[in-house]
Amino acid sequence: MTLTRGIRALSTGYYRDFLDVPDTDENLSTYIMMESKQDNCEVSVANAWPDSIMLNASMTSVEISSDIYMERRENAKLIAETKIYNNPKIDSQSNISNPASCCSKVVVNFENIGGYVLGKDVQNFVGKDFGDYRINLRSNCLFEKEFLVSSHSISEIVDQEGAVLHEHTFAKCKIYPYGGFFEYGMHPQLVESCIFRAVHDGNSLSLRISPLSALRSLGIDPCEDQREESGYQFVGVKNFSEPQKITLYDELKNGACAIEITNRNTKEKSIYRSNAILHVPKTNLITINFIGEEL
């Protein structure tokens, strides 16, 4: 008699819950296939799904192509303007000096190389088929992180001291979305949303661009308004979605990327979600680890 324990079998049969048989401190749900050959009885329970799957991937950015403008007006008089994207003027105190480092989204693509763990067995593979399984991908795109961008020209009405009109009162500044921060070789922990504010000096208008984390390190939440007795210190960005408030690393680590796996023998399907990321330094390459939703 042979016994192989696992989560599911490769063929159908009698189903029961082994509530009284712990395996590494967890209860098992198994399919059992019994075959009788004369006086010999063979029991075989096979692991139908890999414990984890690792996929090699690359990160690429999609540029922001727009000629929209930022302008300041005092009453009806235009006092300064600049482009928001496509060669804007950048303020000297900006955290991001190169606006080309900002993008509309980052795409994570499967590089057709991976590996998987099945019990004590660790195997590498090339392509979308591996062992008895297949990754169901129509293209090599695993995940897209989209960022909020300013999609139309902005006109700020200011008073003589430069305070910006907001809802019948004035604020020292208003903050706007500026896409996402991404550069070649960057760790996914640094890939995040950006914001900007306009800085007016004489007849010149420049942009001060920052990642969200730069303001948060100063104790400022750029997604909320900061108001004091004297009025608004600044008006934040309210329309960031929850994923746009975190880094690419945190989003992938928390399961935002999902892949569907088919067992080619049983035709069953299972969903695996990302739970860990390894970055290859000085490259755009990462390895994403996936675990099954049922594991």
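The values are calculated or read from the model by the stated rules, or taken from the named source; none is laboratory data. A quick note: this is a predicted structure, and the numbers were derived from the prediction, not measured. Methodologically, a virtual Cβ is constructed for each residue, glycine included, from the backbone with ideal geometry; neighbour enumeration extends over all protein chains shown.
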| Selection count where residues are assigned to a strand (DSSP E or B) and touching a residue at least 40 places away in the same chain (Cβ under 8 Å), scope the range 275-288 | 6
| field | Leading residue by the ranking (surrounded by the fewest Cβ atoms within 10 Å (Cβ to Cβ)) among those in the range 182-217 that are among the aromatic types (Phe, Trp, Tyr) and within 20 Å of residue 109 (Cβ to Cβ) | value | 184
| Restricted to the range 45-64, and to residues that are within 27 Å of the chain's Cα centre (by Cα) and assigned to a loop (DSSP other than H, G, I, E, B), which residue is surrounded by the fewest Cβ atoms within 10 Å (Cβ to Cβ)? | 51
| request: Would you please name the residue that is modelled with the highest pLDDT, looking only at residues in the range 90-127 that are exposed (fewer than 15 other Cβ atoms within 10 Å of the Cβ) and among the charged types (D, E, K, R)? | output: 121
| field | the range 236-257 residues that are under 18 Å from residue 284 (Cβ atoms), paired with ones that are among the small types (Gly, Ala, Ser) (beta carbon under 6 Å, 6 or more apart) | value | 252/274; 257/274
| query | What strands (runs of 3 or more DSSP E), lying completely within the range 108-219, carry at least 1 residues that are under 22 Å from residue 241 (Cα atoms) and among the aliphatic types (A, V, I, L, M)? | reply | 141-146, 154-158, 192-201, 204-211
| message | Condition (residue is touching a His at 6+ places or on another chain (Cβ under 7 Å) and either surrounded by fewer than 18 Cβ atoms within 10 Å (Cβ to Cβ) or not aliphatic (A, V, I, L, M) (or both)) applied to the range 65-73: is it met by at least one residue? | response | yes
| Of everything in the range 230-264 that's assigned to a loop (DSSP other than H, G, I, E, B) and among the hydrophobic types (A, V, I, L, M, F, W, C), which residue is farthest from residue 145 (Cα to Cα)? | 237
| field | Considering residues of the range 262-295 that are more than 15 Å from residue 56 (Cα to Cα) and of a type in the set (Gly, Ala, Ser) only, the residue farthest from the chain's Cα centre (by Cα) | value | 270
| Among the residues of the range 223-240, is there at least one that is at pLDDT 90 or above and acidic (Asp, Glu)? | no
| task | Scan (1) touching a residue at least 12 places away in the same chain (Cβ under 8 Å); (2) part of a loop (DSSP other than H, G, I, E, B) for the single condition residue 267 breaks and write down its number. | result | (1)
| request: Collect the residues in the range 51-95 that are of a type in the set (Val, Ile, Thr) and under 23 Å from residue 171 (Cβ atoms), keeping them in residue-number order. | output: 68, 79, 82, 84, 90
